[in-house]
1. Need one number: nm distance between label points at Leu199 and Tyr178, each 7 Å from Cα along Cα→Cβ, rounded to one decimal.
2. Would you please give the residues with an amide H less than 5 Å from that of Tyr158, counting only those at least 5 places away or on a separate chain, with H modeled from the backbone geometry?
3. Relative to the present Cα-Cα distance, how much length would full extension add between Leu105 and Asp251 at 0.36 nm per residue of separation?
4. Simple spin-label model, 7 Å along Cα-to-Cβ: Glu189 to Lys290 in nm?
5. Please name whichever of Ala244, Gly192, Ser226 sits farthest to the positive end of the charge dipole of the range 181-280, dipole taken about the Cα centre and charges placed at Cβ: Lys and Arg +1, Asp and Glu -1.
6. Rounded to whole Hz and in sequence order, give me ³J(HN,Hα) for the range 252-268 from the Karplus expression 6.51 cos²θ - 1.76 cosθ + 1.60, θ = phi - 60°, writing x for Gly and Pro.
7. Of Lys124/Lys212; Lys32/Lys254; Lys124/Lys235; Lys235/Lys290, which ones are farther than 18 Å apart at the Cα?
8. What order do you get for 209-221, 44-56 when each peptide is scored by the mean count of other beta carbon atoms within 10 Å, highest first?
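No value in this document is a laboratory result; all are computed from the given coordinates. Computed from a predicted structure; not experimentally measured. Cβ: placed from backbone, ideal geometry, glycine included. Neighbour counts: every protein chain shown.
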Amino acid sequence: MRKNRAAFASFAALTSVFASGPAAAQEGLEIKGAPVDGLMGFQPPATSIATDTQALDQMVLVIITAICALVFALIAWVIVRHNRRANPQPRSFTHNTVLEIAWTLGPVIILVVIGSFSLPVLFKQQVIPEGDVVINVTGNQWYWSYEYPDEGFGFDSYLIGHPATLEDSDYEAGARDYVLNDAMVAVLERYGYSRDEFLLATDNAVVVPTGKVVVMNLTGSDVIHSWTIPAFGVKQDAVPGRTAQLWFEVDEGKEGIYFGQCSELCGKDHAYMPITVRAVTQEEYEAWLKGAREQFAEAAPAAPALPYAPSVPAAQLVQVAEK
Ligand SMILES: [Cu+2]
């Protein structure tokens, strides 16, 4: 009986995958950065940082595969040729200068080769360029707050399914906090998403222009959170009392919706504070800014009133760092 039910559940899951068809578009934007059932590996890269880190991963994978093959071959050779039966009288030497130099130099050369490729990628990630767009990000238990300090507005971003995103009529229709049911699917659709995006989609998305350098200043208001978009190749802890930075530039032509999730265990609703980024063209970005300035003007500043909240433009932060 139990087996039947499991089989039915997996069949139902399978048919729902086929029935849902292509990812739902939101305002003409395709969902490009999201996990896909049954796939392995990285999400398609949308920034040069993600392209570089994925290439580095491929290169290191080739190297470690070769090393493992060599070590397994040596072990097999020892087992077959030097066991007690095949080699009853082993020789008794303990040192071999040539061999010892080889197994010291070999790994050193391999590490230098890997380092010569990995360090430039690391510096590219960690040396923060000047941003065309600066966004202040604050992790809260359990939602994200965003500020566009140069534009003078900010907003909070909640998982669709969080009480803040549900109306009385949704509850009357059967919606329950954080539970995916038919009523919740209706809520997702109201926000322009489908059931596939449950636990990924948020009410307000971070909007960034493609082909522009985006610099984020991150902090936490309560505990450590971590901001990431896998397709961008960025992940940065948001630590209370500190301001950390990350940067990315979404490739032109890669306009779309990208998802990430808080990646530092931050409490009981850690699983319910996803990240949604909408990468749009410069023109669409400017149009969004115009509407957002009005939409979010009334709202209180998103960042909490703490002395370390990064409510200052990046330029000032750089000045502080230089002093
Ligand atoms: Cu968190």
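1. The two pseudo-label positions are separated by 1.1 nm.
2. Amide H to amide H, under 5 Å and 5 or more residues apart or across chains, Tyr158 pairs with Asp203, Asn204.
3. Working: separation 146, 0.36 × 146 = 52.56 nm, distance 4.04 nm.
Contour length minus Cα-Cα distance gives 48.5 nm.
4. Between Glu189 and Lys290, the simple spin-label model gives 3.2 nm.
5. The listed residue farthest towards the positive side: Ala244.
6. So the Karplus estimates, Gly and Pro as x, are 5, x, 9, 4, x, 9, 10, 10, x, 9, 3, 10, 9, 3, 10, x, 5 Hz.
7. Details: Lys124/Lys212 16 Å; Lys32/Lys254 8 Å; Lys124/Lys235 14 Å; Lys235/Lys290 29 Å.
In this structure, Lys235/Lys290 exceed 18 Å between Cα atoms.
8. Values: 209-221: 21.5, 44-56: 18.5.
Packing order, densest peptide first, comes out as 209-221, 44-56.
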